[in-house]
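Chemist: Please find one structure pasted underneath; my questions will follow.
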Amino acid sequence: MRPTLAPYPAGRPRRLRRTAPLRALVRETSIGVDDLIWPVFVRDGSGVREEVPSMPGVFRRSVDLTVAAAAEAAELGIPAICLCPYTDPALKTAGCEEAWNPENLCNRAIREIRRQVPGIAVMTDIALDPYNINGHDGIVRDGEIVNDETVGCLVKMALAQADAGADILGPSDMMDGRIGAMRTALETAGHSNVTIMSYAAKYASAFYGPFRDAVGASGALTGDKKTYQMDPGNSDEALRLIERDLSEGADMVMVKPGLPYLDICRRVKETFGAPTFAYQVSGEYAMIEAAAANGWIDGEKVMLESLAAFRRAGCDGVLTYFAPRVARRLREG
């Protein structure tokens, strides 16, 4: 039914904007702490906290300080964190074997968080780029990122993370068939309760640069990722990929990047009704922080406004580096 409005002067929409309490009463969309997932970068060492140069206020943390960050998130009411490893370049190989090493950086961090902060959900990123000497999300053979061999590696990576205690697996690789293969392997291994949030509509975007710096993949990358990540001009394809991943056993789906693809978020939610998330990626974060640092925008207000946009577009939640700042702001009212 189409909304109706009495003709002026009986209809005065400004009546409902007159005071803050009135605006709050009729607000259609809001952002809450339960809508947040905090991506956290993990590195080796002890007591290490180093800022990512292209992401002011974002840090790589050693496992002990990652556990402390998880405890901080839990105290703030943030329901989940997502671990993103910065792997020692000496451990990167063409075969990416470190990706499924039970004692790799990510798996050690999962176990420690599970042990010390049991009240928070731990999400992981499943792709080979942090472990690949070529910087790609898949195995490279003669210049080609090969699909099926990569899927086999991703399945081993998923099982290692599930064994370590991960709650949510986040395949971000964009290989064909990987969700079905992971779901089958998880069921067979007794991990039927492990959740998959598929990066189902992940675009070959220029907004990922700071993230690649943060995980140490940018310098290693040869070529680009356009043969497996989506063309930014495509919309219908995103729906086909979402439908496929849901049919293969994904529990939740993600659109990445976020703000430049709010139209995709809306289409996905309206079409499938499945739990839909977006990733406010590193480039989005860096632009807001850079503009705020130069005094061109009010960074705190833009931060909150940008997150409200995700919710208005239909997202159930957002992965954002702003998560702890937003949680504190919400607590302060």
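Every number in this text was worked out from the coordinates using simple rules, so none of it is lab data. Since we're looking at a predicted model, the values are computed, not measured. All Cβ positions, even for glycine, are placed from backbone atoms using ideal geometry, and neighbour counts span all protein chains on display.
Chemist: Give me the percent of DSSP beta bridges within the range 32-253 that run antiparallel, rounded to the nearest 5.
Modeler: Just about 20 percent of them are antiparallel.
Chemist: Stretch ARG14-ALA206 to full length: gain in nm at 0.36 nm per residue minus the Cα-Cα span?
Modeler: 65.1 nm
Chemist: Of the GluC sites (Glu not before Pro) in the range 224-330, which ones lie in a loop per DSSP and count no more than 14 other C-beta atoms within 10 Å?
Modeler: Those that pass, being in a loop and sparsely packed, number zero.
Chemist: Then there's this: With +1 on each Lys and Arg Cβ and -1 on each Asp and Glu Cβ, how big is the dipole of the chain about its Cα centre, in debye rounded to the nearest 20?
Modeler: It comes to approximately 1840 debye.
Chemist: GluC sites (Glu not before Pro) within the range 1-108: which are DSSP loop residues with at most 13 other Cβ atoms inside 10 Å?
Modeler: GLU28, GLU103
Chemist: Based on the Kirkwood radius over alpha-carbon pairs, what is the Stokes-Einstein translational diffusion coefficient of the chain at 20 °C with 1.002 mPa s viscosity, in µm²/s?
Modeler: 104 µm²/s
Chemist: Loop only per DSSP, at most 12 neighbouring Cβ atoms within 10 Å: give me the trypsin sites (Lys or Arg not before Pro) in the range 169-274, ordered by residue number.
Modeler: LYS226
Chemist: Based on alpha-carbon centroids, what's the gap between the range 70-135 and the range 19-49 in Å, whole number please?
Modeler: 21 Å
Chemist: Go ahead and collect, in residue order, the members of the range 173-213 whose backbone nitrogen is under 20 Å from a label point 7 Å along the Cα-Cβ direction of VAL146.
Modeler: Within reach of a label on VAL146: 173-179, 181-182.
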